[in-house]
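Enquirer: Before we start, here is the structure in question, set down as structure tokens.
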Amino acid sequence: MINQSFSRREFVRLLTGGTAAVLISFNTACKNKISRWRYLQEEEIGLLDAIVEQIIPTDDFPGGKWANVSNYIDKQLDTYYINHQVEYRDGLAAFEKTVIQLKSKKFEELPFPEQTAILEKMEGGDFPGEYWKAHSPAGFFDMIRQHSMQGFYGSPVHGGNREYISYHMLGLDYPNVIGQNRYNDLSWRKYNPNSIENGK
Amino acid sequence: MANKHVNAVVIGAGAGGGVVAKELATAGLSVLLIERGRWHTFDEHGDDELTSQRTFPLKCGYGPDNEHNWRMASDGKGGWIKVFPNDWAYGNNAACVGSGTVSYGAMAWRFQPADFHLKTKYGAVPGSTLDDWPLTYDELEPFYEKAEYELGVSGDPTNDPFVPPRKNPYPMPAFSFNSEGIILEKAAKRLGLHPFPIPMLRNSVPYNGRPACIRMRTCVGFACPVNAKAGTQNTVIPVALKTGNCELRINCMVSEIIVDDKGKARGIKYFDADNKLQEQTSDLVVVSASASETARLLLNSKSSLFPKGAGNNNGWVGRNIQDHAYTGAYGLFADKLYDDVGPGACIAVNDFNHRMPDIIGGGVLCNEFIRMPYQFSSIRPSGSRMWGKDHKDFQKLNFKRHIAVHGPVQEMPVFDKMVEVDPVVKDFWGIPVVRISGFRHDNDIKVGRLLADKAEEWLKEAGAVQTWKSVPGKGSTPSQHQSGTCRMGNDPKTSVTNRYGQLHEIDNIFVADGSLHVNNGGYNPALTILALGYWVGGHIAEMWKGTHMK
Ligand SMILES: Cc1cc2nc3c(=O)[nH]c(=O)nc-3n(C[C@H](O)[C@H](O)[C@H](O)COP(=O)(O)OP(=O)(O)OC[C@H]3O[C@@H](n4cnc5c(N)ncnc54)[C@H](O)[C@@H]3O)c2cc1C
Ligand code: SF4
């Protein structure tokens, strides 16, 4: 049970357990710098934030980073996407190494347009593959892209789409007032086969 | 303790099974309706797009789960890959009380009369097992009507010259068009087409103790929060339970139909909610587990007289699986047209169903259900950049400025497009799993392209400033519209059941679900499956009166 990589959920469970064994594990955990995330580590989140901000950039509306897309991904890696854990761990590490090799800098530290150019190459398959293990750079990018869309547009219950920001952006009311207050106006509900402008 | 013997076990509480259970229970038979899923409500799921039954990156909210269920799918290179319910290659419909009818879009189509005699109409089609049904549209018509009245359908065929003939009007008036429907109606008329409101298994006015629809953004893929959408779970199944003759046993996975050495079904084996193997005896068994799972059950029910599975001595169980080759087009418009009046799909034309010269089959064209934000993030003209500024600009500009027109192309049945059970891989309970393989017929692709052209033309006429098509390919896993794996027919050599859904080879096993379809029409299939439920159920009740199936 005492294991460096136990998840935040287990950590919390242990903390609230209140036995001697728990205290020992707590100490071990502190020494090993426990992440405030569930699966990903602080540095991985830093890199992921920069990537998701590229995928959904800030303009007159916030982007992927503000919307907690990385939190969405981290949450899924602890639940529905457990089978993607290794892909993220290995992929982020390989990505980081490759960028440092190419640019002598971390991805997060590069100017925004340079980051964009790197991801474009990666998406197009024009990217050094030497650090990659089982997965291709292009496949890795597409996975993060899809997960980012889920995190930005999906329900906030899954950890992303902070304050329903994407719904605001699209001009969709939220909460979706059930029935949209049309209970009393029945006229729109009728279809008239003889008029070309039915309803309304 | 042994389970009490019943007259009939009905496997699967979905579209077909729900109706049959009601027909048998009201006829006085003791019925066990057994379902691997459970009850679901809107409150449990809300309007969460990521776990809906339409887009399901995280899970299929309305079942089945990924922890107990998987299948094998062809990898296209001669090998097999393991797939889960929320992979498209799995081919899921649903698994719960009501099954697909809880979360469906509720389009309520009758097939065209011609769909019941396609071979007579078009002749033999090379590479296809196309055939006539052993029953005619006219024979099924009263059962369509029964489904429409007992579950509740809103519609108005006045403006559809191609409407399948009906003796009586729909029980409820049609829904009005939303703003995209209005634009499309005008354009269709200018093109000489015949637009009309899509018939829906949704209440346009209060009906059968359930309220009228409040026209939400989320409908297809979700349960209905006010019960305005009719599924078997809020119509026929409660009626069946109320008779006192029907027990609904949920969270129970049926593994096998027990067939004795004389070739008679004696009941079923199933894993109960605690995963314990149980037996249930019965006088007859009705399999309504959906086209893929019904075939799986029959194939997994081996006995001395049926070593290849129940009723499968001719090798036709699981063959000819069909779906629909969805096709269509998207259009972008200069002005905002989105009005948030759900569920979106409201207008259709029947002009391209059996009415294109020299073309076999066809399909209805409809405007689509509302595309939710995550789903919309993948709707782009080909070659678009799917991220970054391009992505965000497109979402902001076009979410409220686009229309989708799509339709289900009638598929030509192909013998080698099929469901088998995997020889090695087993599910959580140790039951051999489904594996699906095969390719669509070339005709499906040809018709798909043609219909996409028609959809695009319609959008252009409506004023779209940019359009693009989405056309079907050869590969597909039949999912929400799966059908055809236990086709009915008069010839026992080339079909699995007779015209009443009774296995040719085992007279106390019946099938009542999409499996029976000889052909899946150019329409969404649920109303036809419901009508067949009444047809088969009514026939069993008649037979029961005389012989008690002894
Ligand atoms: C999102 C969505 C939208 C749709 N929209 C439409 C639409 O607009 N119009 C339309 O006509 N159709 C629509 N459909 C399709 C429609 O729901 C299906 O055609 C219909 O439900 C199929 O009926 P069936 O009786 O063949 O199988 P189902 O309804 O799937 O019923 C099979 C049942 O059997 C159970 N079962 C399977 N195996 C076992 C076992 N071994 N033991 C116990 N139980 C078992 C399953 O859990 C399930 O509940 C839609 C479906 C979905 C998911
Ligand atoms: S749109 Fe109507 S039928 Fe559909 S879920 Fe909402 S209230 Fe129910």
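The values are calculated or read from the model by the stated rules, or taken from the named source; none is laboratory data. A quick note: this is a predicted structure, and the numbers were derived from the prediction, not measured. Reconstructed Cβ throughout: ideal geometry from the backbone, glycine too, with neighbour counts over all protein chains shown. When the accessible area is computed, the model is the full protein with side chains, heavy atoms only, and any ligands, DNA or RNA have been set aside. Shrake-Rupley method; radii C 1.70, N 1.55, O 1.52, S 1.80 Å.
Enquirer: Can you run down the residue pairs with Cβ atoms below 8 Å, 6 or more apart or on separate chains, where the first is in segment B:214-240 and free of Cβ contacts under 8 Å to residues at least 60 places away in the same chain and the partner is within 13 Å of ligand 1 (Cβ to nearest atom) and basic (Lys, Arg)?
Expert: B:ALA228/B:ARG202
Enquirer: Check whether at least one residue in segment B:437-454 is among the basic types (Lys, Arg), surrounded by 21 or more Cβ atoms within 10 Å (Cβ to Cβ) and touching a strand residue (DSSP E or B) at 6+ places or on another chain (Cβ under 7 Å), and report yes or no.
Expert: Yes - at least one qualifying residue is present in segment B:437-454.
Enquirer: Can you find, within segment B:339-355, the residue that is farthest from ligand 1 (Cβ to nearest atom) among those that are farther than 29 Å from B:VAL414 by Cβ and crowded, with 22+ Cβ neighbours inside 10 Å?
Expert: So the residue we want is B:VAL341.
Enquirer: Oh, and also: Which residue is surrounded by the most Cβ atoms within 10 Å (Cβ to Cβ), if the candidates are limited to segment B:312-330 and must be over 23 Å from the mean Cα position of the chain (by Cα) and not in a strand (DSSP E or B)?
Expert: Ranking the candidates gives B:ASN312 first.
Enquirer: Continuing with the same structure: Which of the residues that make up segment B:297-315 are of a type in the set (A, V, I, L, M, F, W, C) and either more than 18 Å from B:PRO432 (Cα to Cα) or in contact with a Cys (Cβ under 6 Å, 6 or more places away or on another chain) (or both)?
Expert: B:LEU305
Enquirer: Does A:GLY63 count as in contact with an Asp or Glu (Cβ under 8 Å, 6 or more places away or on another chain) and without any contact (Cβ under 8 Å) to a residue 24 or more places away in the chain?
Expert: Yes: the conditions hold for A:GLY63.
Enquirer: Looking at segment B:283-300, is at least one residue over 25 Å from B:GLY100 (Cα atoms), open to solvent by 20 Å² or more (accessible area, probe 1.4 Å) and either more than 16 Å from ligand 1 (Cβ to nearest atom) or not acidic (Asp, Glu) (or both)?
Expert: Yes: one or more hits.
Enquirer: For B:ASP43, work out the one condition from (1) at pLDDT 95 or above; (2) in a helix (DSSP H, G or I) it doesn't fulfil.
Expert: (1)
Enquirer: Of all residues in segment B:491-550, which are open to solvent by 10 Å² or more (accessible area, probe 1.4 Å) and among the aromatic types (Phe, Trp, Tyr)?
Expert: B:TYR500, B:TRP535, B:TRP544
Enquirer: Provide a single number: the residues in segment B:215-234 that are within 14 Å of ligand 1 (Cβ to nearest atom) and surrounded by fewer than 22 Cβ atoms within 10 Å (Cβ to Cβ).
Expert: 0
Enquirer: If a residue must be within 14 Å of chain B (Cβ to nearest Cβ), assigned to a helix (DSSP H, G or I) and hydroxyl-bearing (Ser, Thr, Tyr), how many such residues does segment A:76-130 contain?
Expert: Of the residues in that region, 1 qualify.
Enquirer: Only residues that are within 8 Å of ligand 2 (Cβ to nearest atom) and of a type in the set (Lys, Arg): list them for segment B:218-249, please.
Expert: Listed by number, the list holds a single entry, B:LYS229.
Enquirer: Any residue in segment A:36-57 that is more than 14 Å from chain B (Cβ to nearest Cβ) sitting within a Cβ distance under 7 Å of a residue that is β-branched (Val, Ile, Thr)? List the pairs, counting only those 6 or more apart or interchain.
Expert: Correct list of pairs: A:TRP37/A:ILE45; A:LEU48/A:ILE73.
Conditions tested, residue by residue: (1) within 14 Å of another protein chain (Cβ to nearest Cβ); (2) within 16 Å of ligand 2 (Cβ to nearest atom); (3) open to solvent by 10 Å² or more (accessible area, probe 1.4 Å).
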| position | (1), (2), (3) |
| --- | --- |
| B:ALA13 | no, no, no |
| B:GLY28 | no, no, yes |
| B:GLY46 | yes, yes, yes |
| B:MET72 | no, no, yes |
| B:PRO85 | yes, no, no |
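Enquirer: Which of the following residues is within 27 Å of the chain's Cα centre (by Cα) and closer than 30 Å to B:CYS346 by Cα: B:VAL254, B:VAL226?
Expert: B:VAL226
Enquirer: Quick one: how many residues across segment B:56-70 are more than 22 Å from B:VAL254 (Cβ to Cβ) and more than 16 Å from ligand 2 (Cβ to nearest atom)?
Expert: 4
Enquirer: Please enumerate the residues belonging to segment B:180-194 that are surrounded by 19 or more Cβ atoms within 10 Å (Cβ to Cβ) and either facing another protein chain (nearest Cβ under 8 Å) or within 24 Å of the chain's Cα centre (by Cα) (or both).
Expert: Passing the criteria: B:GLY181, B:ILE182, B:GLU185.
Enquirer: Is it the case that some residue within segment A:155-164 is more than 16 Å from the chain's Cα centre (by Cα), more than 10 Å from every other protein chain (Cβ to nearest Cβ) and touching a residue at least 12 places away in the same chain (Cβ under 8 Å)?
Expert: Checked against the condition, which is being more than 16 Å from the chain's Cα centre (by Cα), more than 10 Å from every other protein chain (Cβ to nearest Cβ) and touching a residue at least 12 places away in the same chain (Cβ under 8 Å), segment A:155-164 yields no hits at all.
Enquirer: So, one more: State the number of residues belonging to segment B:199-209 that are within 16 Å of ligand 1 (Cβ to nearest atom) and either among the hydroxyl-bearing types (Ser, Thr, Tyr) or surrounded by fewer than 24 Cβ atoms within 10 Å (Cβ to Cβ) (or both).
Expert: 1
Enquirer: Another question, then. Could you check segment B:356-379 and list, in sequence order, the residues that are of a type outside the set (Phe, Trp, Tyr), within 14 Å of another protein chain (Cβ to nearest Cβ) and open to solvent by 20 Å² or more (accessible area, probe 1.4 Å)?
Expert: B:GLN375, B:SER378
Enquirer: Being within 14 Å of chain B (Cβ to nearest Cβ) and over 24 Å from A:ALA117 (Cβ atoms) is the filter here, so list the residues in segment A:58-73 that pass it.
Expert: Across segment A:58-73, the qualifying residue is only A:TYR72.
Enquirer: So, one more: Among the residues of segment B:46-82, which ones are touching an Asp or Glu at 6+ places or on another chain (Cβ under 7 Å) and not in a loop (DSSP other than H, G, I, E, B)?
Expert: B:MET72, B:ILE81
Enquirer: To continue, here is another question. Out of the residues in segment B:223-250 that are within 11 Å of chain A (Cβ to nearest Cβ) and among the hydrophobic types (A, V, I, L, M, F, W, C), state the one that is nearest to A:PRO193 (Cα to Cα).
Expert: Checked segment B:223-250; the qualifying residue nearest to A:PRO193 (Cα to Cα) is B:ALA228.
Enquirer: Looking at (1) within 16 Å of ligand 1 (Cβ to nearest atom); (2) aliphatic (A, V, I, L, M); (3) over 23 Å from B:GLY501 (Cβ atoms), which is the one condition that is false for B:ALA212?
Expert: Condition (1) is where B:ALA212 drops out.
Enquirer: Check B:VAL153, B:VAL102 and return the single one that is among the hydrophobic types (A, V, I, L, M, F, W, C), within 14 Å of chain A (Cβ to nearest Cβ) and within 16 Å of ligand 2 (Cβ to nearest atom).
Expert: Checking each option against the conditions leaves just B:VAL153.
Enquirer: Just checking, does segment B:400-414 include any residue being charged (D, E, K, R) and under 28 Å from the mean Cα position of the chain (by Cα)?
Expert: Yes, segment B:400-414 has at least one match.
Enquirer: Looking only at residues that are open to solvent by 10 Å² or more (accessible area, probe 1.4 Å) and not aliphatic (A, V, I, L, M) in segment B:113-124, which one is farthest from ligand 1 (Cβ to nearest atom)?
Expert: B:GLY123
Enquirer: Ok, one more. Among the candidates B:ALA2, B:ALA89, B:ALA108, single out the residue that is more than 14 Å from every other protein chain (Cβ to nearest Cβ), within 16 Å of ligand 2 (Cβ to nearest atom) and either over 21 Å from the mean Cα position of the chain (by Cα) or among the small types (Gly, Ala, Ser) (or both).
Expert: B:ALA108
Enquirer: Among the residues of segment B:235-267, how many are polar (S, T, N, Q) and open to solvent by 30 Å² or more (accessible area, probe 1.4 Å)?
Expert: Within segment B:235-267, residues that are polar (S, T, N, Q) and open to solvent by 30 Å² or more (accessible area, probe 1.4 Å) number 3.
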